[in-house]
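A short worksheet on the structure shown next.
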Amino acid sequence: MNDESVKATESQTSPEAVREKPESAEGHVHAPSRRMFVAGALSVASLFALGGAGKALAGQQVPMRPPGAQDEARLWGACIKCDRCRSVCPEGVIDVAHLEDGLVNARTPVMDFKKGYCTFCDGAYKCAEVCPTEAIRFGFDPACDKIGMAVVDSEECLLYRSGSGRCSKECIDACAYEALSIDDSGHLRVDVDACNGCGACEHACPSSSYGSYTGSSRRGINIEAWGGDAS
């Protein structure tokens, strides 16, 4: 072995070289780097630039994310699709997106209010607690932040289709934030300031949930993406 080979071998096994290597303990996940977030932001920008092709990659609808995961660029850059948030959710409302939700969204966490609704774990936010990369972060405030917004579907809501006599108004009873009410016309109204998108109303709505005859997968009230426009 020549002198250069000996030096190369010593360099690879020296204490300095060992200390420079990242830890690789089993089960350890490194915190998200700036590069990951930049990659997520670039992914979002690229999808907008692609137009129709971007919709195929990102899906037609904006996904409803767990509380603390409303920043799509951050989620795309940090989420490693480990499924821990879904596994720990006590209400079973966290699911994962599928290919039909867009290629880039597949296996990322989404809210399925047909299965349950978000109680925010009474402030514990277990999904954020177990997330190893902070794709879901602490800091969500149900009093002012929103997962989405409750939107009434007049074609599915029993108050529109049948009159209040055939609806027990389960959605109003289910809302812990007093965001729903009946107006003078007997129709359901949403207080956009009070609603935080927890999904209790959609989960409780009887329309299209049992004995549905419309063939629709939507309910009389559904949680949708919220852009902050009260109109």
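Site pair Val62 and Ser216 shows an inter-label distance of 2.1 nm when each label is modelled 7 Å from Cα along Cα→Cβ. Relative contact order for region 81-167: 22 percent, from Cα pairs under 8 Å spaced at least 6 residues apart, divided by residue count.
Electrostatic tally near Ile182: other residues with Cβ closer than 11 Å to its Cβ, Lys and Arg +1, Asp and Glu -1, net 0. For Phe140, neighbours were defined as the other residues whose beta-carbon sits under 14 Å from its Cβ, and their charges (Lys and Arg +1, Asp and Glu -1) total -1. Hull volume per residue, based on the alpha-carbon atoms of region 73-138 and their convex hull, is 79 Å³.
Where a number appears in this text, it was derived from the coordinates with a stated rule and is not lab data. Here the structure is a predicted model, which means the values were calculated and not measured. Glycine also receives a Cβ, built like all others from the backbone with ideal geometry; neighbour counts cover every protein chain displayed.
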